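Undergrad: Below you'll find the structure I mean.
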Amino acid sequence: MGQVKKPWYNAERVRTPGSVVLNAWRERSGPERLGRTPLSRAAVQTSARGRRMYAGAKVDRLTSDWTPMNTSADAELVTSLRMLRARSRQVCRDNEHAKNALRQIANNVIGGGVGMQATVATAGGVLRAPINLAIKRAFDRWAKADSCHTAGKLHLHDLERVLVMAVARDGEVLVRKVRQAFGRENSVAFALEVIEADRLVDNYSQATNPDNGNPIRMGIEVDQWLRPVAYWLYPGHPGDFQFSTLTASRFIRVPADEIIHLHLVDRWPQTRGEPWFHAALKRMNNVGGYEEAEIVAMRASAAIMGFRQSPEADDPVDGVGDEDDVEDGERVVDMSPGVIMDLAPGEIFQGFNPSRPNAAMDPFLRHMLRSAAVGVGVSYAALTGDWSQTNYSSERAAQLVDRDLWRVLQGWFIRSFRMAIYPDLLDALVLAGEVSIPDYYSRRQMYVEAVRYKPRGWSWIDPTKEVTAYRLAVRAGFMTVSDVISQTAGGADPEEVFQARAAELKTMDDLGLVFDTDPAKVTDKGQAQAVTPGEAGGEGEAGSGDSAGAAGAPEAGEESGAPAEADQEQPREGG
């Protein structure tokens, strides 16, 4: 028999089922082996959790000191609100950038005040001008400081600016609706009292009303749904001790329907508001400290101070060989600008030069102020007034972003304040006889909702381009002329603009004046219109102007002329 030849491969491994490499790994470090060793299963699970967790939640040597707590918004505010409010006020009082940010917020959200226009209409949608005009005039009379403010100091629009600045600086403010007539020759029993948040009794964060068992969270009594029921107030401002006499402590409970609590809610439940500067307070304080240190160093550098080194033998303490400028063992030297001082024999003068001004100061301050601007919610240029780092495109983008925020805040303010006082104010105007509406009480809801608020708008950034863009949008039907006026005319009412425009055109026409602002008579090229509105269409060609009448005349002529041509051709066909 011949010798059996061995195969060139490993026949034993080939007969083994499965992957040889995988089986070897399982035998060495697979789950079957780990499962046979003590604590191996827990080690595998711990390793898997470490690999699957978020990087932001990982705790290692670099994040071991980062240990935040999962607490509610009220739990965080109750320990910090008083100090946050005090520091925010100090920064807005002493820091010029914070002061400017507060001014920018008031200017852009309120401006000269939020206007209003009654829009009461018939069932057919026709505005009832007499009633709307009566409401507007009565509202304007009441809005004067002597009538609308309990202290008689703030016009309604000035009061609105105070409220917005208080919310930004303090985080919140209270407005009490007082149903009482104030001022001379005023019979409207409705006024507003501004109450700072310090008057809320927030010492007892877990107090309970003994009469009904409602919890009192930082001075606000709420029901089981956290809906405000009442506000507990100090009788006066707790920080006004220099102008008040010592009286027994007593609290005032004001029903919630008399209080408008203005604050922004970032988390729910959140009973109180946080100052808008809270994220930038530390940085702004550091900026102030750094500027002060740099100024001290610059003043020292400008003084050109130095040190006078004396020989060791001349010790001012031993009293031997002392000169006249030694007093009580200390050498006293008067230095002033321009003085040339003589040195004693053996003395050496060593100058002190702190190398100021610091070249890195300007970029460092820009970095700090950019971060502070982001924390407050305004652009860097608006916060600092520094436009040296911007160009037209970047500044336009920054202004557009800012305006989006201002519009959001305008909507919040109108919903939270103006819409909250208007129903009560309209009731008071009707009761006082300032406005006569026979069916008011039977259709009160309709009259209360028939109002349009007019927050401030902004002027053009690039008038040439934006006016053209708005004009094309109006002609294409994407927006109306009223929309353009509302966004760009600083809160002006479109109806008032139309009336003023009509009166202006009529006056110019009566005087025989023609300006290129009248598109009915002059084209956008400064040429007289070929066809004026009112003339019969189809005669001649219209001018190249952009007015609706001039552009529409040829189209109307063509449409009306087509049937006439058909009528003239019919007899020819019949003949």
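Undergrad: Kindly indicate the residue of the stretch 429-458 that is among the basic types (Lys, Arg) and over 30 Å from Val484 (Cβ atoms) and also most open to solvent (accessible area, probe 1.4 Å) among those meeting that condition.
TA: Arg443
Undergrad: Considering only residues that are at pLDDT 85 or above, over 30 Å from Ala123 (Cβ atoms) and surrounded by 14 or more Cβ atoms within 10 Å (Cβ to Cβ), which ones fall in the stretch 459-484?
TA: The answer is Tyr470, Arg471, Ala473.
Undergrad: Given the conditions (1) surrounded by 22 or more Cβ atoms within 10 Å (Cβ to Cβ); (2) not in a strand (DSSP E or B), and given that Asp211 satisfies all but one, which numbered condition is not satisfied?
TA: That leaves (1) as the condition not met.
Undergrad: Let me ask another. Restrict the check to the stretch 414-424 and report whether at least one residue is closer than 23 Å to Cys92 by Cβ and either outside any helix (DSSP H, G or I) or modelled with pLDDT of 90 or more (or both). Lay out the reasoning, then the answer.
TA: Taking the stretch 414-424 and keeping what is closer than 23 Å to Cys92 by Cβ, we get 416-417.
Still in the running and either outside any helix (DSSP H, G or I) or modelled with pLDDT of 90 or more (or both): 416-417.
Yes, the stretch 414-424 contains a residue that is closer than 23 Å to Cys92 by Cβ and either outside any helix (DSSP H, G or I) or modelled with pLDDT of 90 or more (or both).
Undergrad: While we're looking at this one, here's another question. Please go through (1) farther than 21 Å from Arg161 by Cα; (2) part of a helix (DSSP H, G or I); (3) of a type in the set (Val, Ile, Thr) for Ile437 and return the number of the only condition it doesn't satisfy.
TA: (2)
Undergrad: Test Ala166 against the criterion of being modelled with pLDDT of 95 or more, over 30 Å from His278 (Cβ atoms) and either part of a helix (DSSP H, G or I) or of a type in the set (Gly, Ala, Ser) (or both), and give yes or no.
TA: no
Undergrad: Here's a follow-up. When the stretch 120-159 is examined, which residues are found to be among the hydrophobic types (A, V, I, L, M, F, W, C), within 14 Å of Ser187 (Cα to Cα) and in contact (Cβ under 8 Å) with a residue 60 or more places away in the chain?
TA: Result: Ala138, Phe139, Trp142.
Undergrad: Collect the residues in the stretch 439-463 that are more than 19 Å from Ala420 (Cα to Cα) and not aromatic (Phe, Trp, Tyr), keeping them in residue-number order. So that I can check it myself, show each step before the final result.
TA: Initially, the stretch 439-463 is screened for residues more than 19 Å from Ala420 (Cα to Cα), giving 439, 442, 456-463.
Asp439, Ser442, Arg456, Gly457, Ser459, Ile461, Asp462, Pro463, listed by residue number.
Undergrad: Still on this model: Can you find even one residue in the stretch 1-11 that is open to solvent by 100 Å² or more (accessible area, probe 1.4 Å) and either modelled with pLDDT of 85 or more or within 32 Å of the chain's Cα centre (by Cα) (or both)?
TA: So in the stretch 1-11, the residues open to solvent by 100 Å² or more (accessible area, probe 1.4 Å) come out as 1, 3-6, 8-9.
Okay, now just the ones that are also either modelled with pLDDT of 85 or more or within 32 Å of the chain's Cα centre (by Cα) (or both), so none.
No: zero hits.
Undergrad: Do any residues in the stretch 14-35 that are open to solvent by 80 Å² or more (accessible area, probe 1.4 Å) have Cβ atoms under 6 Å from those of residues that are modelled with pLDDT of 70 or more and assigned to a helix (DSSP H, G or I), where the two are at least six apart or on different chains, and which pairs are they?
TA: Here the result reads Glu32/Arg26, each pair linking the stretch 14-35 to a residue that is modelled with pLDDT of 70 or more and assigned to a helix (DSSP H, G or I).
Undergrad: Okay, moving on. Identify all residues within the stretch 169-194 that are hydrophobic (A, V, I, L, M, F, W, C) and part of a loop (DSSP other than H, G, I, E, B); write none if there are none.
TA: Passing the criteria: Ala181, Phe182, Val188, Ala189, Phe190.
Undergrad: When both residues are 6+ apart or on different chains and their Cβ atoms are under 8 Å apart, which pairs have a first residue that lies in the stretch 160-176 and is farther than 15 Å from Arg103 by Cβ, and a second that is among the acidic types (Asp, Glu)?
TA: As it stands, the answer is Asp170/Glu196; Gly171/Glu274; Val173/Glu196; Leu174/Glu196; Val175/Glu193; Arg176/Glu193; Arg176/Glu258, since those pairs meet every condition given.
Undergrad: Check Arg179, Arg128 and return the single one that is surrounded by fewer than 20 Cβ atoms within 10 Å (Cβ to Cβ), under 28 Å from Trp232 (Cβ atoms) and more than 28 Å from the chain's Cα centre (by Cα).
TA: Testing whether each residue is surrounded by fewer than 20 Cβ atoms within 10 Å (Cβ to Cβ), under 28 Å from Trp232 (Cβ atoms) and more than 28 Å from the chain's Cα centre (by Cα) leaves just Arg179.
Undergrad: Restricting attention to the stretch 107-125, which residues are assigned to a helix (DSSP H, G or I) and buried (at least 18 other Cβ atoms within 10 Å of the Cβ)?
TA: Residues satisfying the conditions are Asn108, Val109.
Undergrad: Which residues, counting only those in the stretch 364-392, are farther than 23 Å from Pro275 by Cα and open to solvent by 80 Å² or more (accessible area, probe 1.4 Å)?
TA: Those that are farther than 23 Å from Pro275 by Cα and open to solvent by 80 Å² or more (accessible area, probe 1.4 Å): Phe364, Trp387, Ser388, Gln389, Asn391, Tyr392.
Undergrad: Another question, then. Could you check how many residues of the stretch 64-95 are surrounded by fewer than 16 Cβ atoms within 10 Å (Cβ to Cβ) and either hydrophobic (A, V, I, L, M, F, W, C) or closer than 16 Å to Asp202 by Cβ (or both)?
TA: 10
Undergrad: Now for a separate question. Looking at Ala450, Ala476, Ala469, Ala420 in this structure, which one is under 29 Å from Val167 (Cα atoms) and out of contact with any helix residue (DSSP H, G or I) (no Cβ under 9 Å at 6 or more places or on another chain)?
TA: Criteria check complete, one pass: Ala420.
Undergrad: Still on this structure: How do the pairs read when you match residues in the stretch 386-408 that are under 16 Å from Val376 (Cβ atoms) with residues anywhere that are part of a helix (DSSP H, G or I), using Cβ under 6 Å and keeping only pairs 6 or more apart or on different chains?
TA: What qualifies is Trp406/Asn108; Trp406/Val109.
Undergrad: Now, a different point. When you look at Leu102, is it buried (at least 20 other Cβ atoms within 10 Å of the Cβ), aliphatic (A, V, I, L, M) and under 16 Å from Asp266 (Cβ atoms), yes or no?
TA: Numbers: buried (at least 20 other Cβ atoms within 10 Å of the Cβ): yes; aliphatic (A, V, I, L, M): yes; under 16 Å from Asp266 (Cβ atoms): no.
No; evaluated as a whole, the condition is false for this residue.
The values are calculated or read from the model by the stated rules, or taken from the named source; none is laboratory data. Computed from a predicted model, the values in this text were never measured in an experiment. Here Cβ is always computed from backbone atoms with ideal geometry, including for glycine, and neighbour counts include all displayed protein chains. We work out accessible area using only protein heavy atoms, side chains counted, and drop any ligands, DNA or RNA first. Shrake-Rupley method; radii C 1.70, N 1.55, O 1.52, S 1.80 Å.
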